[in-house]
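The values are calculated or read from the model by the stated rules, or taken from the named source; none is laboratory data. All values reported here derive from a predicted model rather than from experimental measurement. Neighbour counts run over all protein chains shown; Cβ positions are idealised from the backbone, glycine included. Calculation scope for accessible area: heavy atoms of the full protein, side chains included, ligands and nucleic acids excluded. Shrake-Rupley method; radii C 1.70, N 1.55, O 1.52, S 1.80 Å.
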Amino acid sequence: MTEDQIIMLPGPTQVPPAAARASSRAMINHRGPEFAAMLTEITENAKKIFKTKCDVLTLTASGTGGLECLVANFVNPGDKIVVASIGNFGERLRDIALAFGADVDFMDFGWGNCVDPKAIAEKLVADKNHEIKAVYCQHNETSTGVTNDIEAISKARGNHPALLIVDSVSGLGAAKFRMDDWQVDVVLTGSQKAFMSPPGIDFVAVSDRAWPVCASCTNARFYFDLNKARASYKKGEMPFTPALSVLFAIQEALRFIDEQGGIDAVIDEHYFRRDVIRAAAQALHLPLVAAEHCASPSVTSIMAPEGVDPKALTGIMRDKYHCVIAGGQGKFKGHVFRIGHLGYVTDLQLISTISALEMALAELGYEFTMGAGVTVAQKMIVERRK
Ligand SMILES: Cc1ncc(COP(=O)(O)O)c(C=O)c1O
């Protein structure tokens with residue numbers, strides 16, 4: 001074990017040094033003016049990332065708590081909803097919705113594919129009586145490394161009144177997103193991905209169109225009641241004791257994003273890192289899960305080649321080279337490994353990851369030209385930094 005690991009997971013991600021230092025600050029009164037000022041700053045900076053003028057509320061929870069919140073506040077028991085799934089987190093959303101008594105129309109587009117907006121349009125056009133209350137989907141499916149075209153999915157609703165509710169836990173801050181322009185109704189993200197902060201905080205953005213649904217929702221909720229969160233925010237507070245240390249870090253991480261030229265520049269770097277990892281994988285003849293047009297700027301899923309066990313591969317990278325990448329999830333477990341490249345990642349960490357991957361592949365007997373992936377990555381980086 002070493003503290004100097006390179007964390008290339010699709011969350012939790014690396015934390016910029018100023019944010020890591022901030023998380024060890026002394027506690028403050030979460031009902032006092034210092035907290036109110038911090039919460040306001042964080043919220044205003046988060047809005048720049050959501051690209052919204054709507055309410056953005058902060059919750060203390062992991063991303064799954066946020067998913068529960070997306071269901072508990074916008075679905076009445078018995079309501080018909082569409083869950084458009086492309087992997088593990090679509091399936092999780094379905095399971096939560098079922099637990100909360102929704103009538104789920106589960107549209108499975110297949111692991112590795114993206115949601116087809118045409119299929120959503122057809123589903124909603126066929127729903128003449130407007131029984132479908134909401135369409136749920138992931139912005140970025142972390143298990144497969146596929147990003148959905150949320151703008152096209154939103155447009156596919158046409159005149160149908162269904163809300164569009166998006167899990168962007170691993171998308172926001174990494175993949176392009178414009179909540180207001182794309183008319184997305186509710187969006188969730190978490191602190192531990194492209195927000196470059198430790199886990200424990202969620203942000204939920206709620207459009208003006210979605211608030212009445214939330215206000216009249218009859219589903220069971222207490223901790224995750226967004227009406228409470230909204231009322232507290234007006235007083236500069238959160239309803240319950242917040243994860244203060246995580247918020248200290250987020251405040252700094254969001255300042256850091258501004259210092260990097262703002263969210264658009266940071267997102268652009270994410271797409272570049274994606275292109276570097278994909279080019280390196282191709283140079284090593286490793287099959288990519290996601291097609292070019294829907295490849296995620298947060299995480300790249302790579303099929304383990306014949307004879308290479310992803311568990312052994314990730315184990316060698318971690319134990320010998322202190323480079324931590326992820327294995328597969330759900331039905332991809334044992335078949336896929338995933339390199340996270342979202343959040344705070346330097347060029348040399350990208351190069352080191354590809355190098356560690358090559359060394360581990362070599363140890364496992366995979367035949368390839370040593371250095372092929374690193375060389376491609378170096379060339380791309382040199383070109384970009386000119
Ligand atoms: C897209 C997506 N949704 C939801 C979650 C759940 O978040 P958590 O593991 O923090 O509960 C994750 C976590 O990786 C995710 O990637």
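For the reader, a short list of remarks on this structure follows.
- When each of the peptides 358-368, 168-178 is scored by the mean number of other C-beta atoms lying within 10 Å of its residues, the order from highest to lowest reads 168-178, 358-368.
- Fluctuation leader among 372, 97, 280 - the chain, Gaussian network, Cα springs under 10 angstrom: 372
- Qualifying GluC sites (Glu not before Pro) in the range 61-163, DSSP loop, other Cβ atoms within 10 Å at most 14: 131
- Sparsely packed loop sites in the range 331-374 (the trypsin sites (Lys or Arg not before Pro) outside DSSP H, G, I, E and B with at most 13 other Cβ atoms within 10 Å) comprise 333.
- A 1.4 Å probe, protein heavy atoms only, puts the accessible area of residue 375 near 60 Å².
- Applying a DSSP loop filter and a limit of 10 other Cβ atoms within 10 Å to the trypsin sites (Lys or Arg not before Pro) in the range 64-139 leaves 128.
- R0 of 30 Å, Cβ-Cβ distance residue 240-residue 178: FRET efficiency to nearest 0.05: 0.45
- Nonlocal amide H pairs with residue 6, under 5 Å, H built at 1.01 Å: 323, 324
- Within the chain, DSSP assigns beta bridges of which about 50% are antiparallel (rounded to the nearest 5).
- Label separation (residue 41 vs residue 368): 4.3 nm, computed from points 7 Å beyond Cα along the C-beta direction.
- Grouping the Cα pair distances of the chain into 20 Å bins from zero gives a pair-distance distribution of 29, 56, 15, 0 percent in increasing distance order.
- In Hz, Karplus ³J(HN,Hα) per residue of the range 172-182 (6.51, -1.76, 1.60; θ = phi - 60°; x = Gly, Pro): 4, x, 10, 9, 4, 7, 9, 4, 6, 4, 8
- Overall, the accessible surface of the chain at a probe of 1.4 angstrom is composed of carbon and sulfur to the extent of 53 percent.
- Per residue, the accessible area of the chain comes to 40 Å², computed with a 1.4 Å probe over protein heavy atoms only.
- CD proxy at 222 nm, helix term only [per DSSP H run n ≥ 4: -39500 (n - 2.57); per residue of the chain; nearest 500]: -12500 deg cm²/dmol
- Isolated cysteines in the chain, defined as those with no second cysteine Cβ under 4.7 Å, comprise 54, 69, 137, 214, 217, 323.
- Antiparallel %, DSSP beta bridges [both residues in the range 151-310], to 5: 60 percent
- Of 47/235; 47/228; 47/155; 133/333, pairs whose Cα-Cα distance is over 29 Å: 133/333
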